[in-house]
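Visitor: Below is one structure. I have some questions about it.
The values are calculated or read from the model by the stated rules, or taken from the named source; none is laboratory data. Worth saying up front: this structure is predicted, and the values here are computed from it rather than measured. Methodologically, a virtual Cβ is constructed for each residue, glycine included, from the backbone with ideal geometry; neighbour enumeration extends over all protein chains shown. Ligands, DNA and RNA are excluded from the accessible area calculation, which covers all protein heavy atoms including side chains. Shrake-Rupley method; radii C 1.70, N 1.55, O 1.52, S 1.80 Å.
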Amino acid sequence: MLSHEENKTVNSVSSDSYAWKSQRAWVEINLAALSKNIAQICKLLGAKTQFMAVVKADAYGHGAVSVAQTALKAGASWLGVATVPEGIELRKAGIKAPILVLGATYTPEQIEAIARWKLEATICDCKQALIFSDILETINFDSPLRVHLKLDTGMSRLGTLWQDCSEFVQLVASLPHLSIQSVYSHLATADSPDRTVMDLQHQRFESAIALLKDMGIEVPCLHLANSAGTLSDNSLHYDMVRVGLAIYGFYPSPHLRSTVELQPVLEVKARVTHVKTIEKGAGVSYGHTFVAAKQMRLAVVGIGYADGIPRNLSNKMQVLIRGVKISQIGTITMDQIMLDVSSIPDVGEGEIVTILGCEGAEQITAEDWSTQLNTISWEILCSFKHRLPRVNVN
């Protein structure tokens, strides 16, 4: 994405530090692609369904502040984070949109910070609700704290069992310092082509809602769908959807690719730092897991597992140079990888290598790595460390 032209803005690289041209490696964030992805997903939603952009874990490694700002301009009206500090970071950046803390919080310090920074809390059970109420009483919080009640419909993680929702909601509603803003749950298998568990969770959520209605309890907002649920079935959309992975340009499952057109937002680049010729029989890197079968041209690139390249990709991964796929050889080290550049003998120091991204007709994505490693693209995206500056393009 990033050309040699000066038409880019740099995030996380201050004017008095290295400019992007001096960096050994960096992550490029295409904010235009982010906006397009959100716009495409919004087309799937009804007019009354709100869009929460999930920007936890530093927006899946993309940079929480710039992603949140872009998402809100592109159609999101809510933001979702996992922790209180993540929410505070957004508030300090001047973001005023509703921010839901999706994780469980219970300490006085967390509760006071949620109130002070006007965040919105997830309440998982009656015990937590009482703790919140007691703490808010002691700090003389001047208005009820906006809270969201989590039901466990089959994830077996956070939340009160759906069968117990009426007692749970009644208790929270009776507490003067808490104001119920939504009831929600989370889908465990929405990315699977087999809908059995997802449909069961949907039925349980519907049953819980029916229980509340029978008791005359009106909930302002209901939400259930994550990225996979949002893409797979509009009956899961309710009053809001919570979309994470999809806004970053990835599909939760291959069978959802036909639903909407998405473009990866993140690319990883690095520079060649040294080039040399090695002879037949030369071992490369720790353990000599690669031994040259003939004379080869080798390039060292300034990025390694301390930056987020999985070491288990050693001798398996490819990169792009000038639109050509090049094999990585030898064990991936903390700060460097080695490439077989025999097919491009004039590669020199300073040349840009695309670790993840697109060059011409060729592309290497986080999904390629996750398939090789038998993991998920979420993990790959979140793995890139902060010594790699995030450079916002477009």
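Visitor: Can you tell me how many residues within the stretch 215-274 are under 16 Å from the mean Cα position of the chain (by Cα) and assigned to a strand (DSSP E or B)?
Guide: Number of matching residues: 6.
Visitor: Being open to solvent by less than 50 Å² (accessible area, probe 1.4 Å) and of a type in the set (Asp, Glu) is the filter here, so list the residues in the stretch 112-159 that pass it.
Guide: Glu120, Asp152
Visitor: Okay, moving on. Across the stretch 275-290, which residue is most open to solvent (accessible area, probe 1.4 Å) among those that are in a strand (DSSP E or B) and not aliphatic (A, V, I, L, M)? Step through it out loud before you land on a result.
Guide: Filtering the stretch 275-290 for residues in a strand (DSSP E or B) gives 275-278, 283-284, 290.
Next, from what is left, pick out any that are not aliphatic (A, V, I, L, M): 276-277, 283, 290.
Values: Lys276: 90, Thr277: 68, Gly283: 28, Phe290: 51 Å².
Per the criteria, the residue is Lys276.
Visitor: Another question about this same structure. Any residue at all in the stretch 138-150 that is closer than 30 Å to Ile376 by Cβ, part of a helix (DSSP H, G or I) and at pLDDT 95 or above?
Guide: Restricting attention to the stretch 138-150, the residues satisfying the condition of being closer than 30 Å to Ile376 by Cβ are 148-150.
Keeping just the survivors that are part of a helix (DSSP H, G or I) gives none.
No: zero hits.
Visitor: Could you list, in sequence order, all residues of the stretch 330-359 that are among the charged types (D, E, K, R) and free of Cβ contacts under 8 Å to residues at least 40 places away in the same chain? Talk me through it step by step, then tell me what you get.
Guide: At the first step, the residues of the stretch 330-359 found to be among the charged types (D, E, K, R) are 335, 340, 346, 349, 351, 359.
Once the filter is applied, which keeps residues that are among the charged types (D, E, K, R) and free of Cβ contacts under 8 Å to residues at least 40 places away in the same chain, the stretch 330-359 yields Asp335, Asp346, Glu359.
Visitor: Any idea which residue in the stretch 310-329 is surrounded by the fewest Cβ atoms within 10 Å (Cβ to Cβ), counting only those that are free of Cβ contacts under 8 Å to residues at least 60 places away in the same chain and in a loop (DSSP other than H, G, I, E, B)?
Guide: So in the stretch 310-329, the residues free of Cβ contacts under 8 Å to residues at least 60 places away in the same chain come out as 311, 314-329.
Imposing the further condition that a residue be in a loop (DSSP other than H, G, I, E, B) reduces the set to 314-317, 322-323.
Numbers: Ser314: 22, Asn315: 15, Lys316: 13, Met317: 23, Arg322: 15, Gly323: 11.
Once the filter is applied, the top-ranked residue is Gly323.
Visitor: Just to check your reading of the model, which residue among Gly360, Gly348, Gly330, Gly323 is small (Gly, Ala, Ser) and under 21 Å from Phe290 (Cα atoms)? If you could, list the steps in order and put the result at the bottom.
Guide: Numbers: Gly360 fails: under 21 Å from Phe290 (Cα atoms); Gly348 fails: under 21 Å from Phe290 (Cα atoms); Gly323 fails: under 21 Å from Phe290 (Cα atoms).
Answer to the check: Gly330.
Visitor: Further, regarding this structure: Just to be sure before I move on: is Val183 of a type in the set (Val, Ile, Thr), part of a helix (DSSP H, G or I) and either assigned by the TED database to the domain that holds Ile209 or more than 27 Å from the chain's Cα centre (by Cα) (or both) in the structure I sent? Show your work before the answer.
Guide: Working: of a type in the set (Val, Ile, Thr): yes; part of a helix (DSSP H, G or I): no; either assigned by the TED database to the domain that holds Ile209 or more than 27 Å from the chain's Cα centre (by Cα) (or both): yes.
Considered against the rule, which asks whether it is of a type in the set (Val, Ile, Thr), part of a helix (DSSP H, G or I) and either assigned by the TED database to the domain that holds Ile209 or more than 27 Å from the chain's Cα centre (by Cα) (or both), Val183 comes out as no.
Visitor: Still on this structure: Quick one: in the stretch 93-111, of everything that is touching a residue at least 12 places away in the same chain (Cβ under 8 Å) and assigned to a helix (DSSP H, G or I), which residue is least open to solvent (accessible area, probe 1.4 Å)? Lay out the reasoning, then the answer.
Guide: Pass one, the stretch 93-111, residues touching a residue at least 12 places away in the same chain (Cβ under 8 Å): 93, 95, 97-106, 108, 110-111.
Checking which are assigned to a helix (DSSP H, G or I) leaves us with 108, 110-111.
Working: Pro108: 56, Gln110: 58, Ile111: 0 Å².
The selected residue is Ile111.
Visitor: Here are some residues: Ser377, Ser383, Ser285. Which one is within 29 Å of Val67 (Cα to Cα) and touching a Gly at 6+ places or on another chain (Cβ under 6 Å)? Step through it out loud before you land on a result.
Guide: Values: Ser377 fails: touching a Gly at 6+ places or on another chain (Cβ under 6 Å); Ser285 fails: within 29 Å of Val67 (Cα to Cα).
Going through Ser377, Ser383, Ser285 in turn, the sole match is Ser383.
Residues are listed down the side, and each one gets a yes or a no for (1) more than 17 Å from the chain's Cα centre (by Cα); (2) modelled with pLDDT of 95 or more; (3) closer than 22 Å to Asp239 by Cα:
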residue	(1), (2), (3)
Ala59	no, yes, no
His62	no, yes, no
Ala76	no, yes, yes
Gly80	no, yes, yes
Glu89	no, yes, no
Ala97	yes, yes, yes
Gln110	yes, yes, no
Ala113	yes, yes, no
Arg116	yes, yes, no
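Visitor: Okay, moving on. Criterion first (open to solvent by 10 Å² or more (accessible area, probe 1.4 Å) and touching a helix residue (DSSP H, G or I) at 6+ places or on another chain (Cβ under 8 Å)) does Glu267 satisfy it?
Guide: Values: open to solvent by 10 Å² or more (accessible area, probe 1.4 Å): yes; touching a helix residue (DSSP H, G or I) at 6+ places or on another chain (Cβ under 8 Å): no.
In short, no.
Visitor: Conditions: (1) surrounded by fewer than 17 Cβ atoms within 10 Å (Cβ to Cβ); (2) under 30 Å from Lys385 (Cα atoms); (3) touching a strand residue (DSSP E or B) at 6+ places or on another chain (Cβ under 9 Å). Leu245 meets all but one. Number of the miss?
Guide: All conditions are met except number (1).
Visitor: Let me ask another. Which residues, counting only those in the stretch 208-222, are under 21 Å from Asn234 (Cβ atoms) and open to solvent by 50 Å² or more (accessible area, probe 1.4 Å)? Quick ask: steps written out before the conclusion?
Guide: Looking only at the stretch 208-222, we keep the residues that are under 21 Å from Asn234 (Cβ atoms), and these are 208-210, 219-222.
The one that is under 21 Å from Asn234 (Cβ atoms) and open to solvent by 50 Å² or more (accessible area, probe 1.4 Å): Pro220.
Visitor: Assigned to a helix (DSSP H, G or I), open to solvent by 10 Å² or more (accessible area, probe 1.4 Å) and of a type in the set (Val, Ile, Thr): is that true of Val197 in this structure?
Guide: Yes.
Visitor: Something else: Residue by residue through the stretch 48-87, note down the ones that are assigned to a loop (DSSP other than H, G, I, E, B) and crowded, with 20+ Cβ neighbours inside 10 Å.
Guide: Step one: of the stretch 48-87, the residues assigned to a loop (DSSP other than H, G, I, E, B) are 48-49, 55, 62-63, 75-77, 82-83.
Listed by number, the residues that qualify are Val55, His62, Gly63, Ala76.
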